[in-house]
Amino acid sequence: MRWVNRRVRRGNRLLLGALPIVALVVLYLVAAGARHSVNPSDKILPLPSAMVEAMASLVAEPDRLSGDYLFWADTLASLTRLGIGLAISTLSALLVGLVLGILPPVRATFGPLVTGIAVIPPIALLPILFIAFGLGETAKVALIVVGIAPFMIRDIAAHIGALPREQIIKAQTLGANSWQVMLRVALPQAMPRLIQAVRLSLGPAWVFLISAEAIAADVGLGYRIFLVRRYLSMDIILPYVAWIALLAVVMDIALTWSSRRLFPWAHGADH
């Protein structure tokens with residue numbers, strides 16, 4: 001049997017997916033052990049024991065100044081900003097994407113504007129956002145929205161615009177107006193695509209969040225990483241990066257599960 005025709009069962013997929021991760025962990029442990037055998041004070045590749053010791057105070061001990069458990073306070077702050085940014089972007093993509101995709105005059109009028117905004121590097125707008133909204137939470141959320149919403153809008157609009165014309169004609173033949181076509185024909189088919197757009201936007205959303213927190217924040221995962229980097233505290237930076245990766249993976253899995261659960265017809269034989 002050719003490799004292109006091989007089907008991998010769920011249990012085997014989990015095993016195969018874990019192999020590269022285990023290999024990277026083993027490679028790191030070997031490299032860290034080699035460096036520490038030469039220099040026991042090495043900070044670049046800390047041993048797991050050093051990471052556990054450094055993180056223990058952040059996870060389980062309250063801060064002397066604020067009284068907060070810093071690790072959990074950072075996580076809550078970052079997830080709150082990310083959640084608000086994703087919610088606003090998702091709602092904007094659904095509403096604007098539907099209108100652009102189903103109404104050609106609106107697409108011709110506002111499509112170039114959306115495209116123009118989408119190609120601007122969001123990080124270049126960060127100083128403008130901080131000047132316009134200040135250094136508070138609004139600017140950080142705005143950067144996430146500006147960074148991912150235009151892409152999501154374009155994706156949903158393109159998906160709706162590519163729907164078979166026969167579906168729209170049949171709906172109009174049955175007496176549907178533009179509003180009904182949008183809600184009963186376009187909206188159900190846009191929802192699985194919207195979840196997929198959110199999944200693809202998770203990575204950039206985290207990048208914009210960490211960038212904003214690194215520049216102007218007093219709490220957050222990105223703030224903590226850039227705060228301790230001046231001390232070369234890799235024993236804190238690496239666990240924080242791993243935690244961010246874990247959160248992103250969990251969010252991606254949750255979105256995939258939701259899509260398969262709510263819209264099984266959109267996944268075909270893979271369901």
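A few remarks follow.
- Annotation note: of A77, A32, A18, A54, the sole residue that is in a helix (DSSP H, G or I), outside the structural domain of L247 (by the TED database), within 20 Å of R229 (Cβ to Cβ) and aliphatic (A, V, I, L, M) is A32.
- Check on T75, touching a Leu at 6+ places or on another chain (Cβ under 8 Å), over 22 Å from M234 (Cα atoms) and open to solvent by less than 40 Å² (accessible area, probe 1.4 Å): no
- Considering the range 58-69, the residues that are surrounded by fewer than 18 Cβ atoms within 10 Å (Cβ to Cβ) and under 28 Å from the mean Cα position of the chain (by Cα) include one that is farthest from K140 (Cα to Cα), namely A60.
- The condition (being part of a loop (DSSP other than H, G, I, E, B) and among the hydrophobic types (A, V, I, L, M, F, W, C)) is satisfied by just one residue among L45, L95: L45.
- The set of residues from the range 109-136 being within 21 Å of S78 (Cβ to Cβ) and either touching a Pro at 6+ places or on another chain (Cβ under 6 Å) or loosely packed, with under 12 Cβ neighbours inside 10 Å (or both) comprises G134, G136.
- For beta carbons closer than 7 Å, sequence separation of 6+ or different chains, a first residue in the range 162-189 that is farther than 11 Å from I102 by Cα and a second that is open to solvent by 70 Å² or more (accessible area, probe 1.4 Å), the qualifying pairs are A171/R184; A176/R184.
- In the range 205-233, the residues that are within 19 Å of A245 (Cα to Cα) reach residues that are surrounded by fewer than 24 Cβ atoms within 10 Å (Cβ to Cβ) and among the polar types (S, T, N, Q) with C-beta atoms within less than 8 angstrom, at least six apart or across chains, in these pairs: L221/T75; G222/S211.
Table: residues versus (1) open to solvent by less than 40 Å² (accessible area, probe 1.4 Å); (2) more than 30 Å from V30 (Cβ to Cβ); (3) not aliphatic (A, V, I, L, M).
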{"site": "P48", "(1), (2), (3)": "no, no, yes"}
{"site": "R81", "(1), (2), (3)": "yes, yes, yes"}
{"site": "R107", "(1), (2), (3)": "no, yes, yes"}
{"site": "T138", "(1), (2), (3)": "no, yes, yes"}
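The values are calculated or read from the model by the stated rules, or taken from the named source; none is laboratory data. Note that the structure is a prediction, hence the values are computed from the model and not measured. Positions of Cβ are backbone-derived with ideal geometry, glycine not excepted, and every protein chain shown enters the neighbour counts. These area figures cover heavy atoms from the full protein model, side chains too; ligands, DNA and RNA do not enter into them. Shrake-Rupley method; radii C 1.70, N 1.55, O 1.52, S 1.80 Å.
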